[in-house]
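Notes to accompany the following structure.
The values are calculated or read from the model by the stated rules, or taken from the named source; none is laboratory data. From a predicted model like this one, the values you see are computed outputs, not experimental measurements. Cβ: placed from backbone, ideal geometry, glycine included. Neighbour counts: every protein chain shown.
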Amino acid sequence: DRVSIQQWIDSGNRTCPITKLPLSENPSLIPNHALRSLISNFAHVSPKESSRPRTQQEHSQSQSQALISTLVSRSSSNASKLESLSRLVRLTKRDSSIRRKVTESGAVRAALDCVDSGNQVLQEKSLSLLLNLSLEDDNKVGLVADGVIRRIVAVLRVGSPDCKAIAATLLTSLAVVEVNKATIGSYPDAISALVYLLRVGNDRERKESATALYALCSFPDNRKRVVDCGSVPILVEAADSGLERAVEVLGLLVKCRGGREEMSKVSGFVEVLVNILKNG
């Protein structure tokens, strides 16, 4: 944890206690907000859950197959699809094998159709299911190939507040894979939609959009794209209001020339930084 690591450094140690590799002369701790945001959205499987009887696991597998069949069926009503989505969200949240089963069954297409449906409740549950599926590294590139980015961008623009927040979190999850950072960054309106949400969203939306921007900006080419969307004044204002993730995004944007130039144009930027340093 952070406290123990800081104590290790403050004691004068300049090697990693695990790998024994040397640290920098003046090491600093940088929070991984993208990872923390993902962790906060999902409950880990407890040892008790992972060691549940095989019969219960088999029951979950059988149950998931019936739910998938309902979801993909063209004759299913919206109410039936909503029930299937809700139960699949619960199952896929804690069971990796069911996440793989849902993906391999072709249910991703049905979930994407629900995102397109215009029904906000269906949209929220289908986004939650896609978010759970994205926990599998093998699914991250596949979801992008299936067209999930287009749906996410549309939701970021006109979805409900809860849907927008989930959509931004889904982008963060997908951006864990390096190739997806480039794909998302180059997709028309993806970054501008996040910047817009950061400007006008509620607290949860702003937090998740800033986290997604932070994940995307770890890819250097995306930093200029974020700057070009007029993000710097918005990020400075967000940082001044106490949004820690905005500070982290600015820390990445300062690495590109355009970012530094835009920061120099923001009135009171130095004062904001001083206040952040004073108040932590």
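Just a few scattered comments:
- The residue that is nearest to the chain's Cα centre (by Cα), counting only those in segment 243-278 that are part of a loop (DSSP other than H, G, I, E, B) and either among the hydroxyl-bearing types (Ser, Thr, Tyr) or closer than 19 Å to Val195 by Cβ (or both), is Leu243.
- Within the set Arg74, Arg109, the sole residue that is assigned by TED's automatic domain parsing to the domain that holds Gly142, modelled with pLDDT of 90 or more and assigned to a loop (DSSP other than H, G, I, E, B) turns out to be Arg74.
- Filtered residue count, segment 68-116, keeping only those that are of a type outside the set (S, T, N, Q) and surrounded by fewer than 22 Cβ atoms within 10 Å (Cβ to Cβ): 21
- Members of segment 202-225 found to be surrounded by 17 or more Cβ atoms within 10 Å (Cβ to Cβ) and over 20 Å from Ala145 (Cβ atoms), listed by number: Glu205, Arg206, Lys207, Glu208, Ser209, Ala210, Thr211, Leu213, Tyr214, Cys217, Arg223, Arg225
- Residue match in segment 228-244 (condition: loosely packed, with under 15 Cβ neighbours inside 10 Å and either without any contact (Cβ under 8 Å) to a residue 12 or more places away in the chain or outside the structural domain of Val153 (by TED's automatic domain parsing) (or both)): yes
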